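Q: Okay, here's the structure, questions in a sec.
Where a number appears in this text, it was derived from the coordinates with a stated rule and is not lab data. Predicted model, so just to flag it, every value in this text is computed and none were measured. For neighbour counting, all protein chains shown are included, and Cβ atoms are generated from backbone atoms with ideal geometry for every residue, glycine included.
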Amino acid sequence: METNVLQAEALFIKDEPYYEPVGAEIKIFDAAYQNGLPVLLKGPTGCGKTRFMEYMAWRLKRPLVTVSCHDDLTASDLVGRYLITAGNTVWIDGPLARAVRTGAICYLDEVVEARKDTTVVIHPLADDRRVLPIEKTGELLRAGPEFCMTISYNPGYQSVLKDLKQSTRQRFVAIEFDYPNAELEKKIVMHESQLDESLAGKLVKFAGMTRNLRGSGLEEGASTRLLVHAGKLISAGIEPRHACRAACSEALTDDPEMLNAVNELSASLF
């Protein structure tokens, strides 16, 4: 038990993360947490889902366990496995089991990237049972009221192979995220990169222009995260057009024609 407390304390977020609410997401998450409901965050990459989770963990004073999902993520990676240490076989909790034991918020980022047979292990935690069966040890972990199951994904990247199953989706309260409006996004860029209002406004306008190209050569437009990256480069003395290319254009596409088109957009503003 003492070890679990130490693990949990190490995951507490001590300083308030900077987060600007876009809608009612804070109130909805608060209500879901108080009622023991799991939460699904959906929205484009770089729009603030992870920062929101950090903010809510700080706000609720709970440790945050984050797992970045990928194709090779197995159920054992989440739940735990036996390992041989100093000649002895010992059970080591995975991040999901550790989050349940310590009453943490468990955040599975981009959950659709994980294998289907892996995401099934969260089902008992995401309904009225709120339990995690550990088959290899025969243990049945019961989640306390402090535990919260949260997942996220980007609907823009959905495909037949990478879609969220209805049996998973319908267990969650869903909160939709999108990029903030221009004024709020400008405020965020100014705060995060220390740019002046004029330059931050131009970056936001540039982002809007790239987002208009979504579906016409770009999978995604420049995210708020990329604007902050560009803003930090500019604040460090990089010429704005070069900063936009390095932080935004090259991150958005490798296609030479689209790359030129996006660079021309930034050149028209800076």
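Q: Could you list, in sequence order, the residues of region 225-260 that are polar (S, T, N, Q), in contact with a helix residue (DSSP H, G or I) (Cβ under 6 Å, 6 or more places away or on another chain) and either surrounded by fewer than 23 Cβ atoms within 10 Å (Cβ to Cβ) or within 17 Å of residue 154 (Cβ to Cβ) (or both)?
A: 235, 253
Q: Also, I was wondering about something else. Considering region 175-188 alone, what residues qualify as being part of a helix (DSSP H, G or I) and over 19 Å from the mean Cα position of the chain (by Cα)?
A: Correct list: 182, 183, 184, 186, 187.
Q: Looking at region 230-245 only, could you name the residues that are part of a helix (DSSP H, G or I), over 16 Å from residue 269 (Cα atoms) and aliphatic (A, V, I, L, M)?
A: Across region 230-245, the qualifying residue is only 233.
Q: For residue 265, all conditions in the list (1) out of contact with any Pro (no Cβ under 8 Å at 6 or more places or on another chain); (2) part of a loop (DSSP other than H, G, I, E, B) hold save one; what is the number of the exception?
A: Of the numbered conditions (1) out of contact with any Pro (no Cβ under 8 Å at 6 or more places or on another chain); (2) part of a loop (DSSP other than H, G, I, E, B), the odd one out for residue 265 is (2).
Q: I need every pair where a residue in region 195-215 that is β-branched (Val, Ile, Thr) has its Cβ under 7 Å from the Cβ of a residue that is loosely packed, with under 15 Cβ neighbours inside 10 Å, sequence separation at least 6 or different chains.
A: 204/182
Q: Here is a further query. Looking at (1) surrounded by fewer than 18 Cβ atoms within 10 Å (Cβ to Cβ); (2) farther than 30 Å from residue 207 by Cβ; (3) basic (Lys, Arg), which one does residue 59 not meet, given that it meets all the others?
A: (2)
Q: Name the pairs: first residue in region 170-186 and more than 11 Å from residue 43 (Cβ to Cβ), second residue among the basic types (Lys, Arg) and crowded, with 21+ Cβ neighbours inside 10 Å, Cβ to Cβ under 7 Å, at least 6 apart or on different chains?
A: Here the result reads none, with nothing in region 170-186 linked to a residue that is among the basic types (Lys, Arg) and crowded, with 21+ Cβ neighbours inside 10 Å.
Q: Quick one: which residue in 183, 176 is farther than 22 Å from residue 11 by Cβ and touching a strand residue (DSSP E or B) at 6+ places or on another chain (Cβ under 7 Å)?
A: Only one candidate qualifies: 176.
Q: I would also like to ask the following. Please find, within region 13-54, the residue that is nearest to residue 127 (Cα to Cα) out of those that are touching a residue at least 12 places away in the same chain (Cβ under 8 Å) and among the small types (Gly, Ala, Ser).
A: Step by step, filter region 13-54, then rank; the result is 36.
Q: Which residue is nearest to residue 149 (Cα to Cα), if the candidates are limited to region 23-49 and must be surrounded by 17 or more Cβ atoms within 10 Å (Cβ to Cβ) and out of contact with any helix residue (DSSP H, G or I) (no Cβ under 9 Å at 6 or more places or on another chain)?
A: Here the answer is 32.
Q: As an exercise: evaluate residue 120 against (1) without any contact (Cβ under 8 Å) to a residue 60 or more places away in the chain; (2) within 18 Å of residue 72 (Cα to Cα); (3) within 14 Å of the chain's Cα centre (by Cα) and give the number of the one condition it does not meet.
A: Failed condition: (3).
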